[in-house]
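S.K.: This is the structure, below, for whatever I ask next.
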Amino acid sequence: MPDFPTLATLAADLESGRTTSRKLVEACIARIADPAGEGQRTFLHVDKDAALATADAMDILRKAKAAPSRYAGIPVSIKDLFDIKGQVTRAGSRALNDSPPAEQDAATVARLRKAGFVVIGRTNMTEFAYSGIGINPHYGTPKGAWNRGEGQGQGHVPGGSSSGAAVSVLDGMAHGALGTDTGGSCRIPAAFNGIVGYKPTQRRVPLDGAVPLSFSLDSIGPLARSVSCCAILDAVLANEPIVALKPRPVKGMRLAVPTTIALDDLDAEVSETFERALKSLADHGAIIERIEMAEFHDIGPMNAKGGFAASESYAWHRYLITAKGDVYDPRVSVRILRGEAQSAADYIDLLNERRSLIARVNARIAPYDALVLPTTANTPPKIADLADDKAFTTQNLRALRNCTLINMIDGCAISLPAHREGDVPVGLMLAGAGGSDRRIFELAAGMEAVIRV
């Protein structure tokens with residue numbers, strides 16, 4: 001795969017005049033249109049004319065020393081879950097085809113525009129964001145990074161639900177992507193494609209203007225090529241100042257590896273890559289302790305009836321699915337309909353149990369700088385192998401499992417590529433309690449170059 005530049009490199013090139021926003025946008029559009037590439041499956045809509053017009057405007061502002069930020073003019077992609085003024089938000093589905101166009105941008109889209117980023121188009125996704133695999137039967141499934149050349153109809157899943165978001169960055173069709181994360185939907189596709197994905201503390205980034213999956217668990221975050229790139233986009237999304245990221249030295253980092261659930265049933269390549277990364281961190285002076293997290297055992301029973309995702313998505317979908325359930329992906333609708341069986345008492349129990357879980361886990365992990373664990377238990381499965389519903393369900397749960405642990409504790413987390421060049425993509429996840437976002441970014445920046453030995 002080509003080695004595309006980071007946001008910092010692009011900003012420097014724009015500032016020096018080595019490139020222009022128009023050139024960046026034209027290059028992205030050309031990659032999207034390439035019939036030999038994944039663009040037709042990655043993007044559901046390309047804002048060609050609007051993107052070029054915005055690029056020209058940013059170039060004029062930069063010449064006048066009036067660009068809204070250093071990153072003005074850089075093209076980014078938007079997951080199909082977000083409102084863009086004048087466009088229909090389909091959420092990767094056909095059930096919303098006749099919805100009215102959005103009257104305004106989602107809050108996060110508006111913040112990206114305010115910083116001068118150029119919206120290149122809407123990316124494909126799992127229908128209604130309800131899977132960690134990334135397959136979409138309505139619009140096709142973009143191939144993930146691993147073994148794309150296996151032949152016609154072959155290929156491996158991109159991860160979901162922000163599937164197109166990850167592939168757009170991977171293939172240089174955008175230089176950053178806006179995604180969502182309810183149980184790993186930024187981190188899983190990042191792990192499966194060898195890029196970086198970030199799930200912020202939920203309360204930091206507004207959910208307004210995004211089709212919900214679970215308003216208790218939904219978070220809005222970036223996918224990009226480096227920790228620094230994600231930190232820049234995260235600051236914009238949270239409406240915080242963009243402050244230079246200072247990597248923490250690996251020496252002295254206090255990292256906890258949860259041995260409960262998070263290390264169960266790992267693919268051999270995941271286990272080997274993870275252990276090699278831990279050894280490299282320890283060799284560089286990190287203090288790594290393997291700890292039991294008995295609290296994680298509570299999460300399975302909490303989700304036994306579908307958890308927050310089923311109950312809250314059913315509340316949003318109940319009328320639409322009655323009217324148009326026949327056009328839903330059956331693998332999505334069956335999960336939404338689990339929420340119908342949950343009672344108000346079940347839901348209240350969930351709220352109370354989650355509050356207790358968060359308090360107990362935060363107390364457990366307080367002595368450490370972060371948790372470190374594999375992002376997913378599996379490597380990217382072959383698309384063809386998931387035609388069987390049982391195989392799909394098994395691999396989907398394995399992809400979601402570790403990431404879901406962090407959403408349930410209202411934490412923040414980042415997935416970093418940990419595999420060696422040429423090996424199957426494997427992500428290492430660094431996670432902390434809610435509100436520790438800046439520390440997670442600093443730790444991740446410090447270990448980014450160390451874990452891929």
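The values are calculated or read from the model by the stated rules, or taken from the named source; none is laboratory data. In this text, all values refer to a predicted model and were calculated from it rather than measured experimentally. Neighbour counts run over all protein chains shown; Cβ positions are idealised from the backbone, glycine included. All accessible areas refer to the heavy atoms of the entire protein, side chains included, with ligands and DNA or RNA removed. Shrake-Rupley method; radii C 1.70, N 1.55, O 1.52, S 1.80 Å.
S.K.: Could you tell me whether the stretch 336-394 comes out rounded, prolate or oblate from its Cα gyration tensor? Rule is a ≥ b ≥ c as square roots of the eigenvalues, rounded for a/c under 1.5, then prolate if a/b exceeds b/c, otherwise oblate.
M.R.: Verdict is oblate for the stretch 336-394.
S.K.: Viscosity 1.002 mPa s, temperature 20 °C: what is the translational diffusion coefficient of the stretch 202-260 from Stokes-Einstein with a Kirkwood Rh over Cα pairs, rounded to a whole number of µm²/s?
M.R.: Approximately 152 µm²/s, per Stokes-Einstein.
S.K.: Next question. So which trypsin sites (Lys or Arg not before Pro) in the stretch 213-259 end up in coil per DSSP with only 11 or fewer other C-beta atoms within 10 Å?
M.R.: For trypsin sites (Lys or Arg not before Pro) across the stretch 213-259 that sit outside H, G, I, E and B with at most 11 neighbouring Cβ atoms in 10 Å, the list reads LYS251.
S.K.: Using only alpha carbon pairs under 8 Å that are at least six residues apart, calculate the relative contact order of the chain and give it in whole percent.
M.R.: It comes to 17 percent, rounded to a whole number.
S.K.: Averaging sequence separations of C-alpha pairs under 8 Å and six or more residues apart, then dividing by the length of the stretch 242-364, give the relative contact order as a whole percent.
M.R.: Across the stretch 242-364, relative contact order equals 27 percent.
S.K.: Name the long-range amide H neighbours of THR123: under 5 Å, sequence gap of 5 or more, or other chain; modelled H, no Pro or chain starts.
M.R.: LEU44, ILE78, LYS79, ASP80
S.K.: Also, quick follow-up: Rounded to the nearest angstrom and ordered from largest down, what semi-axes does the equivalent ellipsoid of the stretch 230-306 get from its C-alpha gyration tensor (root of 5λ)?
M.R.: 28, 23, 13
S.K.: Evaluate the charge dipole of the chain about its Cα centre and quote only its size in Debye, nearest 20, assuming +1 on the Cβ of each Lys and Arg and -1 on the Cβ of each Asp and Glu.
M.R.: 940
S.K.: Express as a percent, rounded to the nearest 5, the fraction of DSSP beta bridges in the stretch 20-127 (both residues included) that run antiparallel.
M.R.: Antiparallel: roughly 40 percent of the beta bridges in the stretch 20-127.
S.K.: Here's a follow-up. A 30 angstrom limit on the alpha carbon distance is what I want to check against. Which of LYS23/LYS114; LYS114/LYS199; LYS143/LYS246; LYS279/LYS390 exceed it?
M.R.: Pairs exceeding the cut-off: LYS143/LYS246; LYS279/LYS390.
S.K.: Rounded, prolate or oblate: pick one for the stretch 256-383, where a ≥ b ≥ c are the square roots of the eigenvalues of its C-alpha gyration tensor, a/c under 1.5 means rounded, and failing that, prolate if a/b is larger than b/c, else oblate.
M.R.: oblate
S.K.: What is the stretch 318-432 by shape, rounded, prolate or oblate, if you read a ≥ b ≥ c off the alpha carbon gyration tensor as root eigenvalues and call it rounded for a/c under 1.5, prolate for a/b larger than b/c, and oblate otherwise?
M.R.: It comes out oblate by the Cα gyration axes.
S.K.: How many percent of the accessible area of the chain is carbon or sulfur, using a 1.4 Å probe?
M.R.: With neighbouring chains kept in place, the figure for the chain is 53 percent.
S.K.: Looking at the chain, what % of its DSSP beta bridges pair antiparallel, to the nearest 5?
M.R.: In the chain, DSSP labels about 65 percent of beta bridges as antiparallel.
S.K.: How high is the relative contact order of the stretch 382-436? Use alpha-carbon pairs under 8 Å, at least six apart in sequence, and give a whole percent.
M.R.: With pairs under 8 Å counted, the relative contact order is 28 percent.
S.K.: Explain nothing, just compute: Karplus ³J(HN,Hα) = 6.51 cos²θ - 1.76 cosθ + 1.60, θ = phi - 60°, for every residue of the stretch 241-251 in order, whole Hz, x for Gly and Pro.
M.R.: Once rounded to whole Hz, the list reads x, 7, 10, 3, 7, 9, x, 7, x, 5, 4.
S.K.: Given a 1.4 Å probe, how much area per residue of the chain is accessible, in Å²?
M.R.: About 38 Å² of surface per residue is accessible.
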